[in-house]
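Structure first, then comments.
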Amino acid sequence: MAKEQKAKAKKEQIKGKVEEVVGRATGDARMEAEGRAGQAKGDARQAKEKAKDVFKP
């Protein structure tokens, strides 16, 4: 389960980065902002999973 969540987090980070770059390239500020938000969501999910690993018996 943890591996699935880590993969999902990485996917969100990558998707967010792509959106940010495309938004910046096309001048679409909204898409760029959504990309940054997606990256932040992926970062948060990944941090949560790493924290769970620390407390795993």
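Summing +1 for each Lys or Arg and -1 for each Asp or Glu, what net charge is found among the other residues whose Cβ lies under 14 Å from the Cβ of R36?
Values: positive: K15, K17, R24, R30, K41; negative: E12, E19, E20, D28, E32, E34, D43.
Cβ neighbours under 14 Å give a net charge of -2.
Enter the per residue convex hull volume of the chain, computed from alpha-carbon coordinates, in Å³ rounded to the nearest integer. Could you put the intermediate results ahead of the total?
Details: hull volume 2.6 nm³, N = 57.
With only Cα atoms used, the chain gives 46 Å³ per residue.
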Provide the per-residue ³J(HN,Hα) series for the range 20-34, in order, calculated from phi with Karplus coefficients 6.51, -1.76, 1.60 and θ = phi - 60°, each as a whole number of Hz, with x at glycine and proline positions. 4, 5, 5, x, 5, 5, 8, x, 8, 4, 5, 5, 4, 5, 5
Potential extension, R36-A7 segment - 0.36 nm per residue separation minus Cα distance: 8.6 nm
Label-point separation (nm) for D28 and K52, each offset 7 Å from Cα along Cα-to-Cβ? 3.2
Lysine pairs with alpha-carbon atoms under 14 Å apart, the chain, spacing 8 or more or separate chains: 19
Could you work out the local net charge near Q13, counting Lys and Arg as +1, Asp and Glu as -1, over the other residues with Cβ closer than 13 Å to its Cβ? +4
May I ask you to give the percent of accessible area on the chain that is carbon plus sulfur, with a probe radius of 1.4 Å? 61
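What is the dipole size for the chain, taken about its Cα centre, with +1 at each Lys and Arg Cβ and -1 at each Asp and Glu Cβ, in debye to the nearest 20? Intermediate values should be presented prior to the final figure.
Numbers: 16 positive and 10 negative charges, 74 e Å.
With only Lys, Arg, Asp and Glu charged at Cβ, the dipole is about 360 debye.
The values are calculated or read from the model by the stated rules, or taken from the named source; none is laboratory data. Since the model is a prediction, treat every value here as computed from it, not as a measurement. Backbone-built Cβ (ideal geometry, glycine too); neighbour counts: all protein chains shown. To get the accessible areas, we keep the full protein, side chains included, count just its heavy atoms, and leave off ligands, DNA and RNA. Shrake-Rupley method; radii C 1.70, N 1.55, O 1.52, S 1.80 Å.
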